[in-house]
1. Is it fair to say G79 is touching a helix residue (DSSP H, G or I) at 6+ places or on another chain (Cβ under 7 Å), at positive phi and surrounded by 14 or more Cβ atoms within 10 Å (Cβ to Cβ)?
2. Does segment 57-70 include one or more residues that are in contact with a Ser or Thr (Cβ under 6 Å, 6 or more places away or on another chain), surrounded by 16 or more Cβ atoms within 10 Å (Cβ to Cβ), within 25 Å of P33 (Cα to Cα) and at pLDDT 95 or above?
3. Taking only segment 46-56 into account, find how many residues are of a type in the set (G, A, S) and modelled with pLDDT of 95 or more.
4. Check A77 against each of (1) in contact with a strand residue (DSSP E or B) (Cβ under 8 Å, 6 or more places away or on another chain); (2) at pLDDT 95 or above and name the one condition it does not meet.
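The values are calculated or read from the model by the stated rules, or taken from the named source; none is laboratory data. All values reported here derive from a predicted model rather than from experimental measurement. Every residue, glycine as well, gets a Cβ built from its backbone with ideal geometry; the counts of neighbours run over all protein chains shown.
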Amino acid sequence: MQLNAIELANALRSGIHRVILAQDALNSINVFPVADADTGTNLSMTLGEVLETLSVADETHLGSFMASVADILLDSARGNSGSIIAQFFQGMSDSAADETQFT
């Protein structure tokens, strides 16, 4: 299976919408590192910032697309969970810098 930027954007969009729908459930199970019931909110707010970028993805270069996603997430990260997901995407971006698709 291969994923270009458009296909990855579609998968990310679907996943982000699932996180947003599960926001309350994620908040209710938030106990580590602080039981402040905001993990779902922080993830939803962080990931929600990238939705507009996903709608303009094109097939030109997966690495460039991932760099844009990672930059937005790093700039909009909220709380520990937002920072962790942003760093995860930064790692993916670094690994995909020269890639046109994931295989």
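1. Answer is yes for this residue.
2. Yes, segment 57-70 has at least one match.
3. Final tally of qualifying residues: 1.
4. All conditions are met except number (1).
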